[in-house]
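The values are calculated or read from the model by the stated rules, or taken from the named source; none is laboratory data. These numbers come from a predicted model, not from an experiment. Here the Cβ is made from the backbone with ideal geometry for all residues, glycine too, and neighbour counts use every protein chain on show. SASA here: full protein model, heavy atoms, side chains in, ligands and nucleic acids out. Shrake-Rupley method; radii C 1.70, N 1.55, O 1.52, S 1.80 Å.
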Amino acid sequence: ARRHAARRGPAPVRAAVQDDADRSGPVAAFAKAAKNLGVGLMASAIVAAPGANAMPQEVIGDLASLAANPVQNARALLRNALPVDNKQIREVQRKIESISEDLRVPGVRFTGVEASVNGASKIVNGDAAKILAAVAPEKMEDGKEALKLLAQELEDFKVVVAQKDKQEVPLSQQRVLELVGRLEEDMVKGFPFEVPAPYDTAPLLKGRATVEMEVKIRDNPNVDVGLMSIVIDGFNAPVTGGNFIDLVDRGFYDGMDIQRSDGFVVQTGKPSAKGQDGFIDPVTRKERTIPLEIQPVKKDPGGVPVYDFTFEDVGKYRDEPVLPFNAFGTMAMARREAEPNSASSQFFFLLKESELTPSGTNILDGRYAVFGYVVDGQELLREMKAGDKILSIKIVDGAENLVNKSRSAAPAAEETVSEPAAVDAQ
């Protein structure tokens, strides 16, 4: 069985927007639907936007969107979201990411690539002391190794540029950026803020975790089983990320069906039991819900995210979230539109083109809580349909960052998920 989905475009999606909404323009239609229907029906309104049924095209090494405005690459978004402010490493990151613009030029614009690589190399070699000064003391050994490897990788990159090897450029770019990201993660010192009561006693993800989601695809000659890698960002969404990782730790999603796939979102997480919308805590026998949690780029005092309210509710009309709905495969919690604190276990992946709703004007930004991005295997999302089965979601890195976990032993019998019934729009 093939484990990777074929890279092909999705089937056309029907628009389901009223005529008067169409006449008022796609943005107004989207906003109206978002306000009135919630995330469960919101995606159908997006279809009214011109060209909205076109999905992002595959690009060289998943890197061609790195320097776009807004940033659409999942790994770049995650690098930007790290709570670090070292000017030198951020400038190295910016220079290497800007190479994506040179890759778009037919034949590759090697003058731009050369300038960026040389500029990054000059910073790494000339400002090594300033870079290492920002590394957390307990991570200094790894930081020194990463910086040494980064300097060598940039020297190798110069050779690639000199040879004008356009096939190797995006691969060298990716290797350099992986080391930049490693250094930036080494610069994170502790957790950036105190989670306020009463949410501080909930399962929290104090850092990042990576999960692998394995899905069985039904009735598809191109793929049988596919695997996606997802990074969950607890630095900016500790309650939301902690809730999800805690449910993964319990095996809550294993065996559950994909419950919605309409070309704009893939959604799951609704229990099979009749009348249940979310996870029922076996101790309290009540649905466990979490607050709306969104971290703005312009942080509030103490660096604490906005809790309980949308950005609009608190007057942050033009504020951008640290984790925006920009990347194909953005992961966020589903909730009832009128109840910000109603999210429980249902989540969705966004499958749209972010140019239609860029950061700062995207009706989803500031309204729904993003907590992660698919970083590998994104193409599987195009193949998923309602009725496909999640074989497992497993934590492969960062499990130690989950605190206040609700399970201390093996998953209890009540966590076993049977074949889900039909899912109503939330």
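Going through segment 208-222 one residue at a time, which ones are crowded, with 21+ Cβ neighbours inside 10 Å and either among the hydroxyl-bearing types (Ser, Thr, Tyr) or in a loop (DSSP other than H, G, I, E, B) (or both)?
Within segment 208-222, just Ile217 meets the criteria.
Condition first: at pLDDT below 90 and among the polar types (S, T, N, Q). Can you find one or more residues in segment 334-355 that meet it?
So far as segment 334-355 goes, yes, one or more of its residues are at pLDDT below 90 and among the polar types (S, T, N, Q).
Among (1) open to solvent by less than 40 Å² (accessible area, probe 1.4 Å); (2) among the small types (Gly, Ala, Ser); (3) farther than 30 Å from Arg218 by Cα, where does Gly241 come up short?
So Gly241 meets the others, but not (3).
I need a count of the residues in segment 223-233 that are under 25 Å from Glu138 (Cβ atoms) and open to solvent by 10 Å² or more (accessible area, probe 1.4 Å). Explain how you work it out, then say what you get.
Keep residues of segment 223-233 that are under 25 Å from Glu138 (Cβ atoms), which gives 231-233.
Those left that are additionally open to solvent by 10 Å² or more (accessible area, probe 1.4 Å): 231.
So the count comes out to 1.
Quick one: which residue in Asp85, Asp156 is open to solvent by 60 Å² or more (accessible area, probe 1.4 Å), more than 28 Å from the chain's Cα centre (by Cα) and either among the acidic types (Asp, Glu) or closer than 30 Å to Phe325 by Cα (or both)?
Asp156
With respect to Asn236, determine if the residue is open to solvent by 20 Å² or more (accessible area, probe 1.4 Å), farther than 23 Å from Ser100 by Cβ and part of a loop (DSSP other than H, G, I, E, B).
The answer is no for Asn236.
Can you say whether Val195 is in contact with a Phe, Trp or Tyr (Cβ under 8 Å, 6 or more places away or on another chain) and more than 17 Å from Leu391 (Cβ to Cβ), as far as the supplied structure shows?
no
Read through the list (1) open to solvent by 30 Å² or more (accessible area, probe 1.4 Å); (2) part of a helix (DSSP H, G or I), then give the number of the only condition that Leu150 fails.
All conditions are met except number (1).
Only residues that are buried (at least 20 other Cβ atoms within 10 Å of the Cβ) and not in a helix (DSSP H, G or I): list them for segment 169-200, please.
Met187, Val195
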